[in-house]
1. Can you work out the FRET efficiency for the pair Asn63 and Asn101, with r the C-beta to C-beta distance and R0 = 25 Å, to the nearest 0.05?
2. For Tyr61, what residues show an amide H to amide H distance below 5 Å, using hydrogens built from the backbone and excluding near sequence neighbours?
3. Could you check the simple spin-label distance between Ser201 and Asn166, using points 7 Å along Cα→Cβ, in nm with one decimal?
4. Any of Lys183/Lys232; Lys58/Lys183; Lys54/Lys236; Lys193/Lys232 with alpha carbons more than 22 Å apart? Name them for me.
5. Can you work out ³J(HN,Hα) from phi for every residue in region 35-46, in order, using Karplus 6.51 cos²θ - 1.76 cosθ + 1.60 and θ = phi - 60°, giving whole Hz and x for Gly and Pro?
6. Residue-wise, which Karplus ³J(HN,Hα) couplings in Hz belong to region 185-191, taking 6.51 cos²θ - 1.76 cosθ + 1.60, θ = phi - 60°, and x for glycine or proline?
7. Measure off 7 Å from each Cα along the Cα-to-Cβ vector at Thr38 and Val175, then give the distance between these two points in nanometres to one decimal.
8. Just to confirm a number: summing +1 for Lys and Arg and -1 for Asp and Glu over residues other than Thr39 whose beta-carbon lies under 12 angstrom from that of Thr39, what do you get?
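Rule-based calculations on the coordinates, nothing more; no lab input. Here the structure is a predicted model, which means the values were calculated and not measured. For neighbour counting, all protein chains shown are included, and Cβ atoms are generated from backbone atoms with ideal geometry for every residue, glycine included.
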Amino acid sequence: MKKILPLLIAMLALSPSLLRAQQDFNVAEDTVVATTVTTPVYDDITTSSTAGIKLNWKVVYSNFPADWLADTALGLCDNNVCYGNNSGALYPTGAAHVSNNYFAGSPGGFDYSPNLTGASPGTYLLTVQFNDLSGSRTATFVITRGIVSGINNINNFSSDVSLYPNPARDEVNVVYDANADIKNIAVYNIIGKVMAVYKVSGPSANLNLEAMPSGIYFVRLANSYGQVIATKKFTKQ
């Protein structure tokens, strides 16, 4: 052991890539729910790196309608540049972008900056994936444009949804308000791919997960209009 330890220290000193692999970052919220037309929606990035860390990021999923994806309507900003969706620069082509350095002790901004004036009303979602050598994170923006009938506060409703067990194995239970008009629950993986959709009724649902591999997933509850009104995260072992 006395011989191995100095060798490991020497390897780390000679290999910046090994040090780089130990860096890590986090996204403040994996799901941000907001009602907006032109107000930016923020989700901060934090890192443990005092030297700074640049992130590769791209949009990996969205169900935004065409008028929400217009260049003047869709905007995403890292700590360097704000990008519109000119010629599909953000979605659906999924082009990757690189941020400036994010530094330890100083949360850096990332935001969805829309201009939905005149756009069609509804509730839709967009998922961004962030990557560096230490791994990846996602942030999902669940955005409502206009008033959603029968729902006074999406944030409040989302906090009233219960999901258990978490971590789950072969199944997970979702419990919600019987008056919320929930008609289907979709399960998405971490890159936004739909894994399963369940038609539901009543105040709860039991979701079978046997066919899904281990990993991090999101359940999204939608009403009879197809509007996503709550999102919850869980882990399948």
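1. The computed FRET efficiency comes out at 0.15.
2. Counting only residues 5 or more places away or on other chains, the set is Thr127.
3. 2.7 nm
4. Where the Cα-Cα span goes over 22 Å, the pairs concerned are Lys58/Lys183; Lys54/Lys236.
5. These are the phi-based 3J(HN,Hα) values: 10, 7, 10, 9, 7, x, 10, 9, 8, 6, 10, 10 Hz.
6. Computed from phi, the couplings for region 185-191 are 10, 10, 10, 10, 7, 5, 9 Hz.
7. 4.4 nm
8. 0
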